[in-house]
1. Identify the single condition in (1) within 14 Å of chain B (Cβ to nearest Cβ); (2) in contact (Cβ under 8 Å) with a residue 24 or more places away in the chain; (3) touching a Lys or Arg at 6+ places or on another chain (Cβ under 8 Å) that A:Val43 does not satisfy, given that it satisfies every other one.
2. Would you point out the residue of the stretch C:90-105, among those that are touching a Pro at 6+ places or on another chain (Cβ under 9 Å) and at pLDDT below 95, that is surrounded by the most Cβ atoms within 10 Å (Cβ to Cβ)?
3. Tally the residues that are within 14 Å of chain A (Cβ to nearest Cβ), without any contact (Cβ under 8 Å) to a residue 60 or more places away in the chain and not hydrophobic (A, V, I, L, M, F, W, C), restricting the search to the stretch B:70-90.
4. Out of curiosity, is C:Ile62 away from every other protein chain (no Cβ under 14 Å), in contact (Cβ under 8 Å) with a residue 40 or more places away in the chain and of a type in the set (A, V, I, L, M)?
5. Take the residues in the stretch C:191-220 that are small (Gly, Ala, Ser) and either without any contact (Cβ under 8 Å) to a residue 24 or more places away in the chain or not in a helix (DSSP H, G or I) (or both); name whichever of them is surrounded by the most Cβ atoms within 10 Å (Cβ to Cβ).
6. Where residues in the stretch B:114-163 are within 14 Å of chain A (Cβ to nearest Cβ) and hydroxyl-bearing (Ser, Thr, Tyr), which of them is surrounded by the most Cβ atoms within 10 Å (Cβ to Cβ)?
7. Scan the stretch C:150-190 for residues that are within 14 Å of chain B (Cβ to nearest Cβ) and touching a residue at least 40 places away in the same chain (Cβ under 8 Å) and report the count.
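The values are calculated or read from the model by the stated rules, or taken from the named source; none is laboratory data. Remember, it's a predicted structure, so these values are computed and weren't measured experimentally. When we count neighbours, we look across all protein chains shown, and the Cβ atoms used for this are built from the backbone with ideal geometry, even at glycine.
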Amino acid sequence: MTWLHTHRLSLTALMFCVVAVAGVHLWLDVMPIADRQKETITVVDDGTAELAGQEVTLEDARWDEYPAPDRARVVSVHMRGSGGPESTSCGRVTLSEVQGSRTWLDADDVIDVPYEAGQSYCTEESEPYDITSVFLVPDDVEGPFFLDIAGDDHTITRFLVEP
Amino acid sequence: MKKTLPWLTGVALVLGAGIVAAVTPAPEAQDGPFLIHGAAGQPIVARDLIVQVGEARFSDRITVDDDDWRADGNWLIVNLSAAAPETEVDAALRLVELVVDGREFIASEQPSTSLVGTGLRVGTDTEGMVAFELPDDLSAGDAEIRLSTAYSTPNLDDVIVVPLELDGLPRGHSVEIAEPSIEGAP
Amino acid sequence: MIDLRGARDRVRVTAAHGIRSVFSRRATPAWITLGSLVAAAAVLIAVGAFDTAENEPAAVAIGEEVRLPTYAVTVLDVEVTEAVEDQFLEAEEGESLVLVTLRLENLSDATISVDGTSDGISSHLVNSSSPLLDLSGVAVTGSARYWRDVTSSRRPLLQPDVPAIVTIAWPVESADLDSDDLALEVHEADPQHGNIVVASTDVTWWQGVLVARIDLEAGR
C-alpha cells in the first residue's frame, strides 16, 4: 500500500497516458476500418425489390435445370425485371450459402443457357423481361441460398432462394 | 580479476551484439508473404486459392490454335488445376512465377489461353496451362513455382510454393496451350 | 626610448631557435603526417579523382546494340504514322505517332515490364518523368503506347535474358519532325531498393547516366 501511496502521482499520470494512447489508437486506427466495411443489406421478404431503377421479382429457383459437369450441380434462379425508363444494369450478383460461407458468381460462361431464358442479370430494358442466373455449385451443397445483388453505395439487396 | 572484469564484460557485450545482429530477420520478414509449401500432384490449400501442379514439359514452340498464334523459344509449360476455397469474387491466379538459377520468371502473357487471370470457381476445379519463356541456355536445375491471387508478391498473405525439377522433363516440338476448362464438363 | 635593439635581437634568437625546432626530433610526427597527405593527394590527382566528370554519350546507329548491365536495346525500325488501327491508337490534330521497333533484352534477374510495375519492380523504361528510353529532338505530347503483338492489348513482360521485339509509339508534335534530329536517348538504369516509405523488396530503376544516342533519322 505504501508503494502505491508513494508513487500515486506517477501512477495517476501513467493511467491518463494509457487511456490517451488507447483512445488515440481507437480513433485513428480502429474506427476508420470499422466504418469502411459497412454494407447495408436489405433482406427482401415478399420476393420483390426495387433496385437498379426497376422492380425485380424472384420467380423461381431450380436444381439441375441445365446439364452440369460431374460432381457439380446447377442452381438456376429465374427472376422478372420490370424494365422501364429509369432502369439501369445492376451490380454484381452472387449466390451464397445460408449455412456456410461459400459464394458463387454467375456461371453462364460454362453452362449453356438458351437465349430465350433471358438476360443473366438485371439491365436497361424498356419492357418487362426475364432474368435467368445460373450458378455452378459442388454436389455437397444443399440450399437454401442468399442471392445478393449489389447496388449503389455499398447496398446489397438480398433474396432468399430455395431451389 | 577486478582489472579484467571490465574487459570481459566488454567482450561479452560485443559478442552478444554480434549474435543479435546475425539472428535478427531481414526487414522483408516483417511483412513478407506466408509461403505455403507443397508438392506437385496434390492439392495445396491457401487462404483464397487451391492449386494442384500437374505435368510440366519443355517445348520449342507453343501455339494457340484458335488465335492462329505461335511463338518459338525455350518454353516451359506447366499444367495447373485451381479452384477457390470460399468465394468466387475476385478469385483468379494472377501471379505465377518460376524461380530458378537465381532468376525470377513471370508466366508469359503471350498465350491468350493462359490460366493466369481466369476466374476460378468454388467447388469445381478449373484446369489450364501456363507457359514460361526461358533463356535458351536454361533447361535444367531446381526450380520453384510460386502462385498467388495477388498481382504482385503480397505482404502478409499466402503464396503457394511448389518445387519443380527441370532436369529430365520431356521436351516436345510444339505444345498447344489449351483453353482453361472445367473438369468433366458435359 | 624603446629598446628596439633588444626586441630585434630577441626575434632573431627566437627565429633561429624556431627554424632549428622545425627540424628537431619532436617535430618528426608532424613531418610524417604532412608527407603522407601530400603523397595521397598526388596519387589522387594522378588517378583523376579531382577531374570534372565528363559524359559523352556514344552515337549509335539503327541496328547496333547498346548493351548495359541491366538491359540491352537495339533499334530495328522507325516509322512515322497517324494511326495504328489494331491498337485503336490515333494521333490527335497536329500530332503524329513515332513508332520505334526495338529488340529489348532484360539483363536483370527478374521479369520487368516496359512501364509501370511488375511484381514490385518499376523499370521506368518509358512513361516516367525520367525514363530510360527517351525520344529527343521532338516534343512528346503524351504517354507512349507499346506492344509486342500489334493485335493484342496484353502488357508485354520482358523475361530475364530473353530478348523481345517491342514497338513503342510516342505521340509527338508533327511540326517538330521537320528538324532532322530525331534520336532515342538511352540511359543506364540504377536499380535501387526501397526503404522506409517503400517496401525494401520493391526495386525502382532510376534514370542513370546518358549512355548512347541512337540516331533515328536514317530509318524514317
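1. For A:Val43, the failing item is (1).
2. Let us first name the residues in the stretch C:90-105 that are touching a Pro at 6+ places or on another chain (Cβ under 9 Å), namely C:91-92, C:95-98, C:103-105.
With at pLDDT below 95 added as a condition, the list becomes C:91-92, C:95-98.
Details: C:Ala91: 20, C:Glu92: 12, C:Glu95: 19, C:Ser96: 21, C:Leu97: 22, C:Val98: 25.
Across the stretch C:90-105, the extreme among qualifying residues is C:Val98.
3. To start, the set of residues in the stretch B:70-90 that are within 14 Å of chain A (Cβ to nearest Cβ) comprises B:81, B:83-90.
Filter once more, keeping what is without any contact (Cβ under 8 Å) to a residue 60 or more places away in the chain: B:83-90.
Adding the requirement that they be not hydrophobic (A, V, I, L, M, F, W, C) leaves B:85-88, B:90.
Counting residues in the stretch B:70-90 that are within 14 Å of chain A (Cβ to nearest Cβ), without any contact (Cβ under 8 Å) to a residue 60 or more places away in the chain and not hydrophobic (A, V, I, L, M, F, W, C) gives 5.
4. Values: away from every other protein chain (no Cβ under 14 Å): yes; in contact (Cβ under 8 Å) with a residue 40 or more places away in the chain: yes; of a type in the set (A, V, I, L, M): yes.
Judged against the criteria, C:Ile62 is a match.
5. Within the stretch C:191-220, the first condition is being small (Gly, Ala, Ser), and the residues that meet it are C:194, C:199-200, C:208, C:212, C:218-219.
So of that shortlist, the ones also either without any contact (Cβ under 8 Å) to a residue 24 or more places away in the chain or not in a helix (DSSP H, G or I) (or both) come out as C:194, C:199-200, C:208, C:212.
Working: C:Gly194: 15, C:Ala199: 18, C:Ser200: 16, C:Gly208: 16, C:Ala212: 20.
Among those that are small (Gly, Ala, Ser) and either without any contact (Cβ under 8 Å) to a residue 24 or more places away in the chain or not in a helix (DSSP H, G or I) (or both), it is C:Ala212.
6. Going through the qualifying residues, I end up with B:Thr124.
7. In the first step, residues of the stretch C:150-190 are kept if they are within 14 Å of chain B (Cβ to nearest Cβ); the result is C:150-166.
Restricting the remaining residues to those that are touching a residue at least 40 places away in the same chain (Cβ under 8 Å) gives C:150-151, C:153, C:155-166.
Of the residues in the stretch C:150-190, 15 are within 14 Å of chain B (Cβ to nearest Cβ) and touching a residue at least 40 places away in the same chain (Cβ under 8 Å).
To keep it simple, each residue is scored yes or no on (1) touching a strand residue (DSSP E or B) at 6+ places or on another chain (Cβ under 9 Å); (2) away from every other protein chain (no Cβ under 14 Å); (3) under 25 Å from A:Glu39 (Cα atoms).
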site: A:Glu59; (1), (2), (3): yes, yes, no
site: A:Leu95; (1), (2), (3): yes, no, yes
site: A:Asp108; (1), (2), (3): yes, no, no
site: A:Ile111; (1), (2), (3): yes, no, no
site: A:Leu136; (1), (2), (3): yes, no, no
